[in-house]
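The values are calculated or read from the model by the stated rules, or taken from the named source; none is laboratory data. Quick caveat: nothing in here was measured; it's all calculated off a predicted structure. We place every Cβ from the backbone using ideal geometry, glycine too, and count neighbours over all the protein chains shown.
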Amino acid sequence: MVVSPEDYDATSRRMRKDGLSARYAAGAWRESFPHHADYDPPFAARLGKLDSASPLPPDLSLRAPKLMDLRYGENPHQAAALYGKRGQGLAGAEQLHGKDLSYNNLVDLDAAWQLAAEFSEPAAAIGQTHQSVRVRGAGFAGGGLPPGLRVRPALSLWRGDRVQSRGG
């Protein structure tokens, strides 16, 4: 089975010339199965709901590409990776410096991001050990300032608390 239009001509030429080797066929199969794994579940889910009283499917299957290997899992002896959709959530962030991320770093980043996102004006949150420990926003300090100056209280959290944030 050939699923990529870019491979049609090359596969056709191979078939006419020498036939398909077992190695070439195995590569095509390896490429086709993930394609079908993505294609079939929505149909199965829809058919499964036809006679169901529940609006939710009885099974939920998720597939996501691996975006990066992590330094380690929740504990240093555990392997971990980040899976998701590039450009969304934490996967859309850019790491500017520092060590490769671990699972615990991502948990802390997510907690801090969720807390800062609660504010309608600029805010910063620093988290470690799975809990947000510092937050500062325009509502806490300088809420009546013009928009350009409202960022300063949030930035002062990062600048003024480098010990707690382990360097920011």
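The figures follow:
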| quantity | calculated |
| --- | --- |
| Leu67 being touching a Phe, Trp or Tyr at 6+ places or on another chain (Cβ under 7 Å), surrounded by 12 or more Cβ atoms within 10 Å (Cβ to Cβ) and under 27 Å from Thr129 (Cα atoms) | yes |
| Hits in the stretch 49-83 (condition: over 30 Å from Leu101 (Cβ atoms) and basic (Lys, Arg)) | Lys49 |
| Pro57 outside the structural domain of Thr129 (by TED's automatic domain parsing), surrounded by 10 or more Cβ atoms within 10 Å (Cβ to Cβ), without any contact (Cβ under 8 Å) to a residue 12 or more places away in the chain and not acidic (Asp, Glu) | no |
| Given (1) in a helix (DSSP H, G or I); (2) of a type in the set (Lys, Arg); (3) in the same structural domain as Asp110 (by TED's automatic domain parsing), number of the condition Arg71 does not satisfy | (1) |
| Check on Tyr8, among the aromatic types (Phe, Trp, Tyr) and under 22 Å from the mean Cα position of the chain (by Cα) | no |
| Of all residues making up the stretch 81-104, the number that are in contact with a Lys or Arg (Cβ under 8 Å, 6 or more places away or on another chain) and either part of a helix (DSSP H, G or I) or surrounded by 10 or more Cβ atoms within 10 Å (Cβ to Cβ) (or both) | 8 |
| Subset of the stretch 11-37 [loosely packed, with under 11 Cβ neighbours inside 10 Å, over 35 Å from the mean Cα position of the chain (by Cα) and in a helix (DSSP H, G or I)] | Arg13, Arg16, Lys17, Ala22 |
